[in-house]
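Structure record follows, encoded as structure tokens.
The values are calculated or read from the model by the stated rules, or taken from the named source; none is laboratory data. Bear in mind that the values here come from a model prediction, so they are computed numbers and not experimental data. We place every Cβ from the backbone using ideal geometry, glycine too, and count neighbours over all the protein chains shown. Surface accessibility is based on the protein's heavy atoms, side chains included, excluding ligands, DNA and RNA. Shrake-Rupley method; radii C 1.70, N 1.55, O 1.52, S 1.80 Å.
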Amino acid sequence: MPETIRSLDFMSADDLENIDEQTYVTRFQNGDVDAFNTLVLKYQDRIAKLIYKNIKDIETTKDLCQEVFLKAYKALPKFKGDSAFYSWLYRIAINCCIDYMRQQNRRQTVLFDDLTSEPDDLLLISKQPSPSDQVEMTELGEIIQEAVKQLPPKQQRVFRLRYDQMLQMKEIAVVTNRSEGTVKTHLYHAHRKLRELLRPYLENRPLEWNA
């Protein structure tokens with residue numbers, strides 16, 4: 001991949017913001033590899049901020065930012081323009097973040113505080129549990145993970161993006177190529193289904209689906 005910072009364009013921030021990026025995509029696909037530099041210059045700060053928001057580590061953000069643009073550079077010849085270039089680049093960045101977090105085994109424990117409450121009461125426990133709570137929370141966490149596997153694929157994906165990866169609704173919409181309304185609907189039905197699945201556990205009854 002060519003160097004990110006080059007003097008070939010001499011573009012200001014305003015110039016970069018107003019470029020016709022499809023023209024640069026086409027130029028790159030036609031063999032002008034330097035056109036990719038302009039696309040990188042336009043979006044590198046935005047992609048870095050997106051990655052840092054999810055990873056919270058400067059050095060890792062730098063590494064993942066390079067990985068995102070390397071993947072984009074390799075995949076851009078096959079880019080058909082079915083979505084905006086930034087939406088396409090955004091999905092690459094989010095997928096890189098997800099892959100990194102999976103590799104690091106960074107997991108959040110999902111806890112239902114009240115099964116009969118509204119979906120907003122589904123909380124993420126970000127602090128470490130005390131030793132006396134460790135066994136109970138570990139058991140509950142494992143059961144919830146198994147319950148999530150019972151969800152329909154679309155609901156399961158949205159749920160994991162929201163609570164495992166902690167993405168916002170608009171970010172999930174971009175990753176899944178769905179409207180925010182559709183994402184909210186999938187998440188709502190996922191909450192309802194999970195409360196039904198977990199009701200027996202919270203009432204000290206056997207889980208027939210997890211026998």
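The residues listed here are L123, L41; of these, the one that is modelled with pLDDT of 85 or more, touching a Leu at 6+ places or on another chain (Cβ under 7 Å) and open to solvent by 20 Å² or more (accessible area, probe 1.4 Å) is L41.
Against the test of being of a type outside the set (D, E), open to solvent by less than 40 Å² (accessible area, probe 1.4 Å) and under 15 Å from the mean Cα position of the chain (by Cα), the options L194, L198, L161 yield a single qualifying residue, L161.
Please tell me if N95 is open to solvent by 40 Å² or more (accessible area, probe 1.4 Å), of a type outside the set (D, E, K, R) and either more than 22 Å from V33 (Cα to Cα) or not in a helix (DSSP H, G or I) (or both). It is true that N95 is open to solvent by 40 Å² or more (accessible area, probe 1.4 Å), of a type outside the set (D, E, K, R) and either more than 22 Å from V33 (Cα to Cα) or not in a helix (DSSP H, G or I) (or both). Those helices (runs of 4 or more DSSP H) of region 141-208 in which 3 or more residues are modelled with pLDDT under 85 and of a type outside the set (F, W, Y) occupy 180-202.
Among the residues making up region 164-191, those that are closer than 24 Å to E142 by Cα and either open to solvent by less than 60 Å² (accessible area, probe 1.4 Å) or of a type in the set (S, T, Y) (or both) are D164, Q165, L167, H186, L187, Y188, A190, H191.
Looking at I19, is it over 14 Å from C65 (Cβ atoms) and modelled with pLDDT under 85? Against the criterion (over 14 Å from C65 (Cβ atoms) and modelled with pLDDT under 85), I19 qualifies.
Taken together, F28, F36, F69 contain a single residue that is over 25 Å from the mean Cα position of the chain (by Cα), of a type in the set (A, V, I, L, M, F, W, C), part of a helix (DSSP H, G or I) and surrounded by 20 or more Cβ atoms within 10 Å (Cβ to Cβ), which is F28. K56 falls short on exactly one of the conditions (1) out of contact with any helix residue (DSSP H, G or I) (no Cβ under 6 Å at 6 or more places or on another chain); (2) surrounded by 17 or more Cβ atoms within 10 Å (Cβ to Cβ); (3) free of Cβ contacts under 8 Å to residues at least 12 places away in the same chain, and that condition is (2).
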